Structures are given as structure tokens and as C-alpha cells.
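*Asks:* Right, I'll just put the structure down here and ask away after.
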Amino acid sequence: MTRFADIQSIAANIRDNVGKVIVGKNATIDLALVALLCEGHILFEDVPGIGKTTLAKALARSLGCSFRRIQFTPDLLPSDVTGLAVYNQKTQEFEFRPGPVMAQIVLADEINRATPRTQSALLEAMQERQITVDGATKLLPRPFLVLATQNPIELEGTFPLPEAQVDRFFIKLALGYPTAEEENAILLRFERDEPLENLQAVVDADTILSLQKLVRTVRVEASVRDYVIAIVRATRAHQSVELGASPRGSLYLYHAAQALSALRGRDFVLPDDVKYLAPFVLTHRLIISAQTRLRGRDARQIVKEVVESVPVPVEQV
């Protein structure tokens, strides 16, 4: 149990460090840490000015890993992401110049502003943790985490992410507007200086890798595993859903529950862990029918309905 208490302590240090910049979003930070511990990628989607990019930067700086930021624009090329081979006249050989994706933490800012061709350059990197340039495959450093941001309300000059890429994001998060008290705290915190500039790392890459291995040892009882499967399969059978969650969704929900349990200092998963995580892991994997959208319902509401309809396993006495 001590090892999982260590995870809880390290996570608290990261949360407190990010909290020096981001006010009142501990639940969102914890969910981002769940994705990190599962080697998953994060999609932040919210309206402008909420703090998506700031949170991504604060998290990256807290992890002690190499960090690169890519500002996605319509004229961005795939080679601007992956890198390219350049001919060196002195050596008369082609030399590979790595792109920003060759970092441990990559911030893909406004990812839906790039063309589909450039967006696809991230597909191999996100899933296989490698890139292929001029027929040569190059492994990415570990840990490797993509933090992507996008604005859901701006349509002009944007290119919606293809389903194959959306499905590769482990979790989709939104920050939401702060409360009046939180907004007041933000004004005071940023009144005279920029806290992000002085933020220091509180963990290193080797520690993160060891924690990622440790969370996979969290115990999941057969009844809880069946519960995960039942929820995911119920999304495929729901009358308002055209395309339900994929088997990747099942796997991600399973691992997310392990990571959340570890963050809470436990070495076993509870059904409540699965129930809490389902909307964050599964919502962006569903394609709901046009009729459902016309009625003003969204995928998040459907997932909540599904979770409420699936019986929760209880301990046999």
C-alpha cells in the first residue's frame, strides 16, 4: 500500500504546483494526471480565455520533461511537426532535423486550425510513439504526452478532427468558467507578476515512467471489469448513438480507473472510479444521431444515461 501512497503524494505535489498558476481546478488537474499515468493524451476543449493553454504549460513545466509547443495554423506542414531530412553540402549526406514532436511533452495549441494532412502527422506519434520520415522510423522519447487544445465554438478557419484522431485522445477535458471567488483570486494572483514564468519541476521523467508501470498493478476484480465492458457496450446499443465507444475506449476506461485508484492511495479499483471517469473517457468517442442533436442532447448526456442504466456491481457477502 505504501507504493500507492507515494503516487498519491507525488500527485499532490504536482497538483499544488500547477495550482500556483491555475485557480480552483483540482479535479481537472487530477484527471490530467490520470491520463499522464496511463501514457494517454489529453484534449482540452473550451471557450477562449478559460486557461486551456496555461494549464497545459503549467502541467508540462511541473513534470521536468522536455517541452515543445506547436501553434497549429492552416499553413502548418506535416514536416513542421515531425521534422525533415536536410542535405548537408559539407558531408554530402542528408541529416535529420527533428521537429517539435520529438519532445516528451508536446503542446498542440489550437489543433483544429491545421489541415487534415498536418493533423494526421500526429496520428502515428500519438498511437505508436514513433514517427516515420523519408521511410526511416524514429522512436519518440518517453514519457510522451500530447496536450492539445481546441475552441469548440469557432468554426471559421478550423478543420474538425477526424474520428480516428479524436479516438486516440485518452481523455477530453473542459475547464469551465470560474466562480466569482476564483475569478477574484485570479485577478490578485496575476496582478503584479506571471506565476507561470517561475514555475519549477516537482518530478522527473524517470519517476513518471516508474509510476506508469506501477499503476498497471492496481487490482481490478472481475465484477468491476465486467462493469467497464457493460458500460462501453451499452453506448453501442443506445438508440441515440450511431457509433458507440470503441474497444480502445474500454481499455482506456479500464486503465483510467486503475490510475485514479492509485491517485487516491488505493491498490484496488472501485465501481465508483469507473462511474466517475466514464463521461471524461467515453464522451468524445460517441457519434450521436442528427435527430438527437436537434433535440438539444449531447454525447455527455447520453453517457450519463448509460452509466445510470448499467447495474453497479455489489460485493457479495
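*Asks:* In the range 294-310, what count of residues is obtained for those that are more than 20 Å from the chain's Cα centre (by Cα) and within 19 Å of residue 150 (Cβ to Cβ)?
*Replies:* Residues meeting the conditions: 1.
*Asks:* Follow-up. Taking only pairs six or more apart or across chains, which ones have beta-carbon atoms under 9 Å, a first residue in the range 113-126 that is closer than 18 Å to residue 71 by Cβ, and a second residue that is part of a helix (DSSP H, G or I) and of a type in the set (D, E, K, R)?
*Replies:* Close Cβ pairs satisfying both conditions: 118/80; 121/80.
*Asks:* Tell me, which residue of the range 210-222 that is among the aliphatic types (A, V, I, L, M) and outside any helix (DSSP H, G or I) is surrounded by the fewest Cβ atoms within 10 Å (Cβ to Cβ)?
*Replies:* Within the range 210-222, the match that is surrounded by the fewest Cβ atoms within 10 Å (Cβ to Cβ) is 220.
*Asks:* Looking at this structure, is residue 64 within 17 Å of residue 145 (Cα to Cα), at pLDDT below 85 and more than 16 Å from the chain's Cα centre (by Cα)?
*Replies:* Spelling it out, residue 64 is indeed within 17 Å of residue 145 (Cα to Cα), at pLDDT below 85 and more than 16 Å from the chain's Cα centre (by Cα).
*Asks:* Among the residues of the range 14-61 satisfying the criterion of being touching a helix residue (DSSP H, G or I) at 6+ places or on another chain (Cβ under 8 Å) and among the polar types (S, T, N, Q), which is farthest from residue 213 (Cα to Cα)?
*Replies:* 54
*Asks:* Can I ask one more? Given the criterion part of a loop (DSSP other than H, G, I, E, B) and surrounded by 12 or more Cβ atoms within 10 Å (Cβ to Cβ), identify the matching residue among 158, 207.
*Replies:* Being part of a loop (DSSP other than H, G, I, E, B) and surrounded by 12 or more Cβ atoms within 10 Å (Cβ to Cβ) holds for just one of 158, 207, which is 158.
*Asks:* Let me ask something additional. For the range 286-317, enumerate the residues that are more than 14 Å from residue 240 (Cα to Cα) and charged (D, E, K, R).
*Replies:* 308, 315, listed by residue number.
*Asks:* Do you know which of the residues in the range 118-140 that are assigned to a strand (DSSP E or B) and of a type in the set (S, T, N, Q) is surrounded by the fewest Cβ atoms within 10 Å (Cβ to Cβ)?
*Replies:* 137
*Asks:* Now for a separate question. Given the conditions (1) closer than 26 Å to residue 58 by Cβ; (2) out of contact with any Asp or Glu (no Cβ under 9 Å at 6 or more places or on another chain), report the number of the one that residue 129 does not fulfil.
*Replies:* (2)
*Asks:* Something else: For the range 185-204: of the residues being outside any helix (DSSP H, G or I) and exposed (fewer than 13 other Cβ atoms within 10 Å of the Cβ), which is nearest to the chain's Cα centre (by Cα)?
*Replies:* Per the criteria, the residue is 204.
*Asks:* Quick test for you: out of 306, 281, pick the one residue that is in contact with a Phe, Trp or Tyr (Cβ under 8 Å, 6 or more places away or on another chain) and either touching a residue at least 60 places away in the same chain (Cβ under 8 Å) or assigned by TED's automatic domain parsing to the domain that holds residue 27 (or both).
*Replies:* 281 is the lone residue from the list that is in contact with a Phe, Trp or Tyr (Cβ under 8 Å, 6 or more places away or on another chain) and either touching a residue at least 60 places away in the same chain (Cβ under 8 Å) or assigned by TED's automatic domain parsing to the domain that holds residue 27 (or both).
Per-residue answers, yes or no, for (1) over 24 Å from residue 104 (Cα atoms); (2) part of a strand (DSSP E or B):
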position: 142; (1), (2): no, no
position: 146; (1), (2): no, yes
position: 149; (1), (2): no, yes
position: 178; (1), (2): yes, no
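*Asks:* In addition: Considering only the range 96-117, state which residues are assigned to a loop (DSSP other than H, G, I, E, B) and at negative phi.
*Replies:* If the condition is that a residue be assigned to a loop (DSSP other than H, G, I, E, B) and at negative phi, then 99, 100, 101, 102, 103, 104, 114, 115 are the ones that fit.
*Asks:* Filtering the range 231-254 down to residues that are hydrophobic (A, V, I, L, M, F, W, C) and part of a helix (DSSP H, G or I), which residue is modelled with the lowest pLDDT?
*Replies:* Among residues in the range 231-254 that are hydrophobic (A, V, I, L, M, F, W, C) and part of a helix (DSSP H, G or I), the one modelled with the lowest pLDDT is 237.
The values are calculated or read from the model by the stated rules, or taken from the named source; none is laboratory data. What you are looking at is a predicted structure, and each value in this text was computed from that prediction instead of being measured. Virtual Cβ from ideal backbone geometry, glycine too; neighbours counted across all protein chains shown.
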